[in-house]
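S.K.: Below is a structure I'd like to ask you about.
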Amino acid sequence: MGMKKNILYVEDNMSNLLLIKRIVEQNGNGNVTMLEASNAERGLEIAIDKKPDLILIDIVLPKMNGYQLLARLKENVCTRNIPTIAISANAMASDLKKGQMAGFNGYLTKPINVKEFKKIIAVYLSDIKEASL
């Protein structure tokens, strides 16, 4: 019963969303539900309401960006401990460092490396919540 997992993906680009959704559905063995938000404000609402097991956050979002969303999630006692993965087209070492400093648990660059992404899902959706990247 406790096996059902939720992943929230906050992303305003439809094709990225569909790609991730497809990977999640193929690899989740029916145990993973994909929640979607096309902006940070909605993402925050869903995160507080549903308390997903993992949140994927696109850095470049309309209005509030991924870093601002992360800060809001960290401020809220309900969402503070949910692991978050940044997804960004910026792949410079300084960007990765910034992501780490901000408190993201992981950082994926676009275009998404499917293998790497599957590995992250496996880590976070296994019941070993302490696993870090």
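S.K.: Show me, for the range 33-50, the HN-Hα J-couplings you get by feeding each phi into the Karplus relation (A = 6.51, B = -1.76, C = 1.60, θ = phi - 60°), rounded to Hz, glycine and proline as x.
M.R.: 9, 9, 9, 10, 9, 9, 8, 5, 4, 5, x, 5, 4, 5, 4, 5, 6, 9
S.K.: Which pairs, out of Lys63/Lys115; Lys4/Lys97; Lys98/Lys118, put more than 28 Å between their alpha-carbon atoms?
M.R.: Violating the 28 Å limit, Cα to Cα: Lys63/Lys115; Lys4/Lys97.
S.K.: What list of ³J(HN,Hα) couplings, whole Hz, do you get for the range 6-14 from phi and the Karplus terms 6.51, -1.76, 1.60, once you set θ to phi - 60° and write x for glycine and proline?
M.R.: Going residue by residue, I get 10, 10, 9, 10, 9, 7, 9, 9, 4 Hz, with x marking Gly and Pro.
S.K.: Another question, then. Can you give me the Cα centroid spacing of the range 1-47 and the range 60-133 in angstrom?
M.R.: That distance is 13 Å.
S.K.: Amide H to amide H, which residues 5 or more places from Met64 or on other chains are under 5 Å from it, using H placed in the peptide plane?
M.R.: Ala40, Glu41
S.K.: Going by amide H atoms built from the backbone, whose H comes under 5 Å of the H on Tyr107, apart from near neighbours?
M.R.: Ala86
S.K.: For the range 105-116, take each phi angle, set θ = phi - 60°, evaluate the Karplus expression 6.51 cos²θ - 1.76 cosθ + 1.60, and give the result in whole Hz per residue in order, putting x for glycine and proline.
M.R.: In residue order, the calculated couplings are 7, x, 9, 10, 9, 8, x, 5, 7, 4, 4, 5 Hz.
S.K.: Also, quick follow-up: If the elastic network links every pair of Cα atoms under 10 Å, which of Lys115, Lys74, Lys50 fluctuates the most in the Gaussian network model of the chain?
M.R.: Lys115
S.K.: Quick one: what Rg and Dmax do you get for the range 1-64 from the alpha carbons, in Å?
M.R.: Values for the range 1-64 (Cα only, Rg and Dmax): 11.6, 38 Å.
S.K.: At 7 Å along Cα-to-Cβ for each site, give me the label-to-label distance between Ile48 and Ile112 in nm.
M.R.: 2.6
S.K.: Same structure, new question: Most fluctuating residue of Gln100, Gln68, Gln26 in a GNM of the chain with Cα springs under 10 Å: which is it?
M.R.: Maximum among the listed residues: Gln26.
Just so you know, all these numbers are worked out from the coordinates, no wet-lab data involved. This one's a predicted model, so the numbers in the text were calculated from it and none came from an experiment. Reconstructed Cβ throughout: ideal geometry from the backbone, glycine too, with neighbour counts over all protein chains shown.
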